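Below is one structure, written out as structure tokens, with a few remarks after it.
The values are calculated or read from the model by the stated rules, or taken from the named source; none is laboratory data. Being a predicted model, the structure only gives us computed values, none of them experimental. As a convention, Cβ positions derive from the backbone with ideal geometry for all residues, glycine included, and neighbour counts pool all protein chains shown.
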């Protein structure tokens, strides 16, 4: 196989990042009816940008080097950490910020920090498909 994406594995996660930010910008525009580029980089709402990058990279390395390679094992460990952070650590920080803000009666802390499991799952499936399509172009 000799195409641009096969020889430059980093391009697929980069394209996934750009595509995820663009989709998030569209979602923000639809939900708020305002053009706001900064919200496209927030760490909440669908899709999860950081999950998109690691899922696209893991999928690409699985396709190029197969799932039993050292490269895939390393990127899968990294992917698990990123997804765990998106689902659990940030979600707990979100709950803490919400509780503190209610206690203070003032919104001092940013509450929207994490992703729902459905957002991460849907994003993961989407980015696997994007990586597979780009890999075989």
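How many residues, within the range 53-79, are within 12 Å of the chain's Cα centre (by Cα) and more than 17 Å from residue 129 (Cβ to Cβ)? Can you show your working first?
In the first step, residues of the range 53-79 are kept if they are within 12 Å of the chain's Cα centre (by Cα); the result is 53-57, 79.
With more than 17 Å from residue 129 (Cβ to Cβ) added as a condition, the list becomes none.
Residues meeting the conditions: 0.
Please find, within the range 79-118, the residue that is modelled with the highest pLDDT out of those that are part of a loop (DSSP other than H, G, I, E, B) and over 30 Å from residue 57 (Cβ atoms). Can you show your working first?
To start, the set of residues in the range 79-118 that are part of a loop (DSSP other than H, G, I, E, B) comprises 105-116.
Now narrow it down to the ones that are over 30 Å from residue 57 (Cβ atoms): 105-109.
Details: 105: 80, 106: 75, 107: 73, 108: 71, 109: 71.
Among residues in the range 79-118 that are part of a loop (DSSP other than H, G, I, E, B) and over 30 Å from residue 57 (Cβ atoms), the one modelled with the highest pLDDT is 105.
Can we say residue 74 is assigned to a helix (DSSP H, G or I) and loosely packed, with under 13 Cβ neighbours inside 10 Å? Break it down into steps so the answer makes sense when it comes.
On the way: assigned to a helix (DSSP H, G or I): yes; loosely packed, with under 13 Cβ neighbours inside 10 Å: yes.
Yes: the conditions hold for residue 74.
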